[in-house]
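What follows is a short report on a single structure.
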């Protein structure tokens, strides 16, 4: 039987989640009325990594790795540059995981404020102006 090759990319929080998706999706047999076989092999992780954006802003989030036996610590934290603007944005809301994509995808398709962070031609002053404009918009909608 001839073999056809397809490439599938999975954006996920981690390799284990991606493996689970592939195993469950590929392992599901559908009867199409003809014989077929589906197999897969893993490639190396996507260059640059996989990142999840906050549902409330343009910052990335990651699971909080602090041990929390009492459940008092937030489950996710923002990843930011440590600037006063980022700190102020971080304080406006708790980090909430949204879409998960490769770093390359975010660089190409992310929101303007996020893409501006990747653009080395953007000065710190320009970034501060963007952050202030975003803060003003958020304060009007709060």
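What follows is calculated from the coordinates using simple rules that are stated; it is not laboratory data. Quantities reported herein were computed from a predicted structural model and do not represent experimental measurements. Methodologically, a virtual Cβ is constructed for each residue, glycine included, from the backbone with ideal geometry; neighbour enumeration extends over all protein chains shown.
Using the Cβ-Cβ distance between residue 17 and residue 66 with R0 set to 25 Å, the FRET efficiency works out to roughly 0.75. Spacing of the modelled spin labels on residue 133 and residue 9, each 7 Å from Cα toward Cβ, amounts to 2.8 nm.
Based on the alpha carbons, how large is the Rg to Rh ratio for region 50-140 when Rh follows Kirkwood?
Working: Rg = 13.8 Å, Rh = 14.0 Å.
Rounded to two decimals, Rg/Rh equals 0.99.
Extension gain for the segment residue 112 to residue 30, taken as residue separation times 0.36 nm less the Cα-Cα distance, is 25.4 nm to one decimal.
Placing pseudo-labels 7 Å out from each Cα toward the beta carbon at residue 38 and residue 94 gives an inter-label distance of 3.7 nm.
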